[in-house]
Each structure stands twice: as structure tokens, then as C-alpha cells.
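**Q** Next up is a structure, given as C-alpha cells.
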Amino acid sequence: RGNRALALALAHKAAEFLAAEQGPRVAVLELGGWDSHANQALPQGALSNNLRMLDAVLAALRDGLAGVRDGRPWRHTVVVVASEFGREVAVNGTLGTDHGSGGAAFVYGGAVHGGRVLADWPGLAVKDRFEGRDLRTTTDLRSLLRPLLAEHLNVPRRALDRDVLPGSD
């Protein structure tokens, strides 16, 4: 409960900072506790609770930006949700999943023309998995972040190549 209140407060504060006339253009919010290896399908389990918290945090951020200056900040907002690691495809012996290689990233916001899935879907059959167990990684996360940084935040290509995402060109 305390973690949820803190996460929501941080989302509201991030929206306040981002909406300020001379405020920052980028915020990073991190939610921990995603490394669940057991009972992932339980309605009140760690994964379900974390997904509900993520939903509430994203809604608080959106609501905080949409209510400012006739929603102008939200119309110019891009939000990226990504995990630092994937999960195995198959359920383990404790009704969870272990660390894997492939994952997903979500992009949304007022500046995103969404409603689509961009993926090279390898499938979940054992023959299609990486090493027979993991979702096969098909896209480098940097290929998602690079155009966002270049086009949305106007980060120069040279800076992306040299400092921000070296090796991503």
C-alpha cells in the first residue's frame, strides 16, 4: 500500500515538473518488484498487483498532464514502458516464469499515433523459441528509442551515435 501511494505521488510530481513552462522534457519513473518467479496468475499476486500499480501510475501521469493548460503537455507526450529483462515462455514448477531473453515495450501518449503492434513475431512454439525456452528477441530496444529521441526530442544524430546510444545506428 505504501509503495502504491509513493508511486502515485511520484507520478503526480513528475507530471507537475513536466508541465512547468521551463520544466524538464524527460522523466524516468521506475517500478520494482517485477522479478516474480511464482504464482504469477494469482489475481492478488505480485504480478497482478504490479500491473495494477503500473496502470494507476500511467493514469496519474496522463491525468496530471492532460489537466494542465488545456491538455497541451499531454498532446506532446510520449511514454515508453519497458522491462530490463524478459521472461521464459513456459511456466515453471512454482507457477511462475524464470528469466528469459525476449520482452515487450509499450509506447503511448498524446503525441503517439498508436493503435498498432509493431513486431516481428517469432511465435511461441518450442521450435520458434530462443534455445527452446525463451521468446526470441527480434528488435533491439534502441531501435525504438532512437527515433523517439531524434524526432520527438530533437537529439542530434551525432549525439545519439557518440553519447546516448553508441552502436545503435
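**Q** Inside the range 77-89, can you point out the residues that are exposed (fewer than 15 other Cβ atoms within 10 Å of the Cβ) and either at pLDDT below 90 or charged (D, E, K, R) (or both)?
**A** Scanning the range 77-89 gives Ser83, Glu84, Phe85.
**Q** What are the residues in the range 109-136 that are surrounded by 13 or more Cβ atoms within 10 Å (Cβ to Cβ) and either among the hydroxyl-bearing types (Ser, Thr, Tyr) or over 26 Å from Ala90 (Cα atoms) (or both), if any?
**A** Result: Gly109, Gly110, Ala111, Val112.
**Q** Moving to a separate point now. If you scan the range 30-77, which residues turn out to be more than 20 Å from the chain's Cα centre (by Cα) and not in a loop (DSSP other than H, G, I, E, B)?
**A** Of everything in the range 30-77, those that are more than 20 Å from the chain's Cα centre (by Cα) and not in a loop (DSSP other than H, G, I, E, B) turn out to be Arg69, Asp70, Gly71, Arg72.
**Q** Looking only at the range 111-136, count every residue that is under 19 Å from Gly100 (Cβ atoms), out of contact with any Phe, Trp or Tyr (no Cβ under 7 Å at 6 or more places or on another chain) and assigned to a loop (DSSP other than H, G, I, E, B) and tell me the total.
**A** 12
Every residue, every condition in (1) open to solvent by less than 80 Å² (accessible area, probe 1.4 Å); (2) acidic (Asp, Glu); (3) modelled with pLDDT under 90; (4) not in a strand (DSSP E or B), yes or no:
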| residue | (1), (2), (3), (4) |
| --- | --- |
| Gly103 | yes, no, yes, yes |
| Val107 | yes, no, no, no |
| Arg146 | yes, no, no, yes |
| Glu151 | no, yes, no, yes |
| Asp161 | yes, yes, no, yes |
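**Q** May I ask you to say which residue of Gly93, Gly71 is farther than 29 Å from Ala11 by Cα and either at pLDDT 90 or above or exposed (fewer than 15 other Cβ atoms within 10 Å of the Cβ) (or both)?
**A** Gly93
**Q** Can I ask one more? Can you go through Val91, Val80 and tell me which one is out of contact with any His (no Cβ under 7 Å at 6 or more places or on another chain), within 27 Å of Leu141 (Cα to Cα) and assigned to a strand (DSSP E or B)?
**A** Answer to the check: Val80.
**Q** Only one residue in Ala56, Ala66, Ala41 is open to solvent by less than 90 Å² (accessible area, probe 1.4 Å), modelled with pLDDT under 95 and not charged (D, E, K, R), so which one is that?
**A** Ala66
The values are calculated or read from the model by the stated rules, or taken from the named source; none is laboratory data. Remember, it's a predicted structure, so these values are computed and weren't measured experimentally. No Cβ is skipped: glycine too gets one built from the backbone with ideal geometry, and neighbour counts run over all protein chains shown. Side chains are part of the model used for accessible areas, which takes the heavy atoms of the whole protein and leaves out ligands, DNA and RNA. Shrake-Rupley method; radii C 1.70, N 1.55, O 1.52, S 1.80 Å.
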